[in-house]
Amino acid sequence: MSAGIVLSTRALAASLVDERSLPGHLRCSSCSRPVTNSFQTPHGCRLCQSCVDSLPATDKVRCPGKSDACKDPDEEIDICQSSCFPDIASRRELTKLKVFCPNKSEGCRAEFPWRQADAHLADCEFEKVKCEMCGEATLKRELDEHKSSACRRRLVNCDDCKIKVVAGAMDSEHKNLQSMSCCREFRDPCPHCREGNFNRQAFLSHLSQCPQKPTPCRFAHLGCDFVAPATEMAAHCSEAADRHLQLIDAKLRVSSASAQHSTASGFPGAAAGGAGAAVDGASAVTGSGEAVSKEMKDLERRAMNIFSKFKGLQPNIATWALSTMSLEDFIKSFGGLQGFKTMLKNMDDKLRQMEAAERSGAGTTGASAASAAAASASSADVSRLMEQMRAIELRFETLEQTSFDGCLTWKVLGFAARRREAKSGSPVSLFSPPFMSKRYGYMFRVRLFLNGQEGAEGSHVTIQLVLIQSEYEDVQDWPLVADVTFRLLHPRTRSDDVVAKATLSAQKPPAASDLSINASVTRFVRIDILEEKFVRNDSIYIETEVEPRPSEANRRGRRR
């Protein structure tokens, strides 16, 4: 395919000089707009690049075109991206037509064949370019003026000290008495009481006595965020007395609960670190001991979180009896609650023995080997606890959030931060809460790649439905074939929702950490469209519906 007849993203912003006379064969069969970077379907439809991008990569769906061929019952009209091929003839014909410059709204009046758009834009005085100093976009014709008079990163002379300063920092830092980099010659009244005419040094002396200096509430360390001049603090303390008592009470309750738990679980506190000048073998053991100690602290915190959740779920204990029994089984595996506490205490004792051996000069081969063996045993115990803890946490997550009708509406919070993380690759994807096709049915999670995957990186969002391991999979029908519908919900009009369909197939249940059994839509929605139209209050909403197809066993009436 010739690169000369592929219009760039910037060139696609151009508009035809006479679009009304555009021949029908140069219009997209789906959206009726000019068939830019056109593709042809096996049954003869011409689709533009945008409409082809909206198709699934490999899962075939009905052609979105409106041509006569799409209505012919004898034609195969189910298509996907991979079944469409470039229409070189249409591309060549369309790119010979005259268009206006994409910068027409900025004042450019140039007209040229569409294929020359990129060459024109390279020299167009109305094209927006980024200032290399501040990154702000400005017209190419105005760039020099911007750099000399408007750029916030340009250097300007301070009238007081005659030193060159970055323009954007002149008022916020260089001529600001509260800034550590304030000009030594600059003088100004106190910004709080508006009295005097101080330089930076004199202002700092005045600040210790200024009656209007903002002061945090004396209960700020407990959570009160009130800030005001000292003259207003007495009135605040009087008006907010009840609030302050609540903060004190909450702090005392937390401290009391923490102390009781530490005593009951046998954790008097974290052990001290090892000696700094130990031999290589002892240093390795110390590092292992510190790692195990850190894991034990995390384990204790997570265990407390689970028991807190369990207590909060008690009003619905009749409905969730099965999860209650699983929690009891988890505790029974250690010989009851006391056995669980004993396990944690034994691990703490092992760490103390290792540290005692090190302090007594455990640099010999025998002592190091014994300490290493103890560290290995502790690590194994922690790994076992962590694995069982993860299983219980998944159970509670399922219990609290799971839907049981094959439908999930997922609110993805903190979209801007999640996008930055996806672009940096940490993490690559997000997972929804689990949901089930029915009670005691198949279990799924939606996986979202906000920076795309498999060739869509940086341009499209990729979405997957992942089949995950569940405790009821032994009584499900296998193989599984399910129809999946993904819907990106528009904040205002449902008619503008982005909808994609896929098919999930599984021959057998997945392994515990297997994410390979999934239904994927590689180009679910363009990232720029998502950010422009679908983000509201820094959140997006994704609706997923899964409908397992009837199995052969069910058709024969094996289960009702």
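Odds and ends about this structure:
- ASP74 being part of a loop (DSSP other than H, G, I, E, B), outside the structural domain of ASN37 (by TED's automatic domain parsing), exposed (fewer than 15 other Cβ atoms within 10 Å of the Cβ) and at pLDDT below 90: no
- Flag if SER15 is surrounded by 15 or more Cβ atoms within 10 Å (Cβ to Cβ) and assigned by TED's automatic domain parsing to the domain that holds ARG109: no
- Hits in region 142-173 - residues which are farther than 30 Å from PRO191 by Cα and exposed (fewer than 15 other Cβ atoms within 10 Å of the Cβ): GLU142, ASP144, GLU145, SER148
- For region 469-507, filtered to residues that are within 21 Å of the chain's Cα centre (by Cα) and aliphatic (A, V, I, L, M), the residue that is nearest to ASP53 (Cα to Cα) is VAL498.
- A Cβ distance below 6 Å, combined with a sequence gap of six or more or placement on separate chains, defines the contacts here; from region 493-520, residues that are assigned by TED's automatic domain parsing to the domain that holds HIS460 and closer than 16 Å to ASP59 by Cβ reach residues that are of a type in the set (Asp, Glu) and part of a loop (DSSP other than H, G, I, E, B) in the pairs ALA502/ASP59; THR503/ASP59.
- Among the residues of region 37-62, those that are of a type outside the set (Asp, Glu), in contact (Cβ under 8 Å) with a residue 24 or more places away in the chain and part of a loop (DSSP other than H, G, I, E, B) comprise ASN37, SER38, THR41, PRO42, HIS43, GLY44, CYS45, SER54, LEU55, PRO56, ALA57, THR58.
- Only one entry of VAL525, VAL546 meets the criterion of being in the same structural domain as ILE468 (by TED's automatic domain parsing), within 20 Å of the chain's Cα centre (by Cα) and of a type in the set (Val, Ile, Thr), and that entry is VAL525.
- Any chance PHE226 is at negative phi and in contact with a Leu (Cβ under 8 Å, 6 or more places away or on another chain): no
- Criterion violated by LEU121 - all others in (1) surrounded by 15 or more Cβ atoms within 10 Å (Cβ to Cβ); (2) in a loop (DSSP other than H, G, I, E, B); (3) in contact (Cβ under 8 Å) with a residue 24 or more places away in the chain satisfied: (2)
- Scanning region 3-36 for residues that are assigned to a helix (DSSP H, G or I), within 19 Å of GLU111 (Cβ to Cβ), more than 33 Å from the chain's Cα centre (by Cα) and not charged (D, E, K, R) yields SER21, LEU26.
- Among the criteria (1) at pLDDT 90 or above; (2) in contact with a Ser or Thr (Cβ under 9 Å, 6 or more places away or on another chain), the one ALA169 does not fulfil is (1).
The values are calculated or read from the model by the stated rules, or taken from the named source; none is laboratory data. Only a predicted model underlies this, so the values are computations on that prediction, with no experimental measurement involved. Reconstructed Cβ throughout: ideal geometry from the backbone, glycine too, with neighbour counts over all protein chains shown.
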